[in-house]
Amino acid sequence: MLHIYCPYCGEHREQNEFHPKGQAHILRPQDPENCSDEAWGDYLFYRDNPRGIHHEMWVHATGCRKFFNVTRHTVSYEILETYKMGEQPQVTAQSQSTGGEK
Ligand SMILES: [Zn+2]
């Protein structure tokens, strides 16, 4: 079982308190009325499926009920960091490929 650090509660909790909610950092098109069908379709339906570093949105469903982001390695399942909504990840695929340097 994974133990996940909730950045709002400030402590590690068991995985069954949380639910994954899909890819993080998906931006709604600024002007939906004037964006192309392809851009709108990408926003609604298409998600990344990387082998390696992935940024995901999770919710602390039976805890504080707040959404936050998780950086997880999709091969090892290792959770590398969690961070609050609106914050940016410290660990990215790019930082990992250069040995952790930005
Ligand atoms: Zn929490």
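The values are calculated or read from the model by the stated rules, or taken from the named source; none is laboratory data. Everything numeric here is computed off the predicted structure, so don't read it as measured data. All Cβ positions, even for glycine, are placed from backbone atoms using ideal geometry, and neighbour counts span all protein chains on display. Side chains are part of the model used for accessible areas, which takes the heavy atoms of the whole protein and leaves out ligands, DNA and RNA. Shrake-Rupley method; radii C 1.70, N 1.55, O 1.52, S 1.80 Å.
Brief remarks follow.
- Within segment 21-34, the set of residues being part of a loop (DSSP other than H, G, I, E, B) and either in contact (Cβ under 8 Å) with a residue 24 or more places away in the chain or surrounded by fewer than 11 Cβ atoms within 10 Å (Cβ to Cβ) (or both) comprises A24, H25, L27, R28, Q30, D31.
- Here the condition is being exposed (fewer than 14 other Cβ atoms within 10 Å of the Cβ), in contact with a Ser or Thr (Cβ under 9 Å, 6 or more places away or on another chain) and touching a residue at least 40 places away in the same chain (Cβ under 8 Å); of P50, P7, it holds for P50 alone.
- Number of the exception - E17 against (1) open to solvent by 60 Å² or more (accessible area, probe 1.4 Å); (2) more than 11 Å from the chain's Cα centre (by Cα): (1)
- In segment 35-58 there is at least one residue matching the filter, namely being within 16 Å of the ligand (Cβ to nearest atom), among the hydrophobic types (A, V, I, L, M, F, W, C), within 13 Å of the chain's Cα centre (by Cα) and not in a helix (DSSP H, G or I).
- For segment 1-20, the criterion of a residue being more than 16 Å from the ligand (Cβ to nearest atom), part of a loop (DSSP other than H, G, I, E, B) and not β-branched (V, I, T) is satisfied by at least one position.
- Screening segment 62-101 for residues that are outside any strand (DSSP E or B) and in contact with a Pro (Cβ under 8 Å, 6 or more places away or on another chain) and picking the one that is least open to solvent (accessible area, probe 1.4 Å) gives T74.
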